[in-house]
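See below for the structure under consideration.
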């Protein structure tokens, strides 16, 4: 039986943030454009926190502060990409 590895805290935080910020955006679009079905209501205390506390607070933060927080968290957005390879002569 294979065991599943638990994601790191930073990965869990990033995935939850992205998920609930997307739901928040969907909710705001549904309010703006009538006839669009909104997401279902939050279920449970955790989902209530992410949707009613985290998402509005995150949206209210000024961009420089948001950017600083993202840069401080480990993850793919901090990955140092190597420069592209130098162009070479075509193979003969």
Fill in the blank from the handout: Residue pairs qualifying under the 9 Å Cβ cut-off, at least six apart or on distinct chains, with the first in region 57-85 being at pLDDT 80 or above and the second being assigned to a loop (DSSP other than H, G, I, E, B), are 69/61
Exercise for the section: Return yes or no: is residue 50 touching a helix residue (DSSP H, G or I) at 6+ places or on another chain (Cβ under 8 Å) and part of a helix (DSSP H, G or I)? Expected result: yes
Practice task
Filter region 20-45 down to residues that are in a helix (DSSP H, G or I), free of Cβ contacts under 8 Å to residues at least 12 places away in the same chain and surrounded by 11 or more Cβ atoms within 10 Å (Cβ to Cβ), then give me how many there are.
Solution key: 5
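The values are calculated or read from the model by the stated rules, or taken from the named source; none is laboratory data. What you see is a predicted model; the values in this text were computed from it and never measured. Positions of Cβ are backbone-derived with ideal geometry, glycine not excepted, and every protein chain shown enters the neighbour counts.
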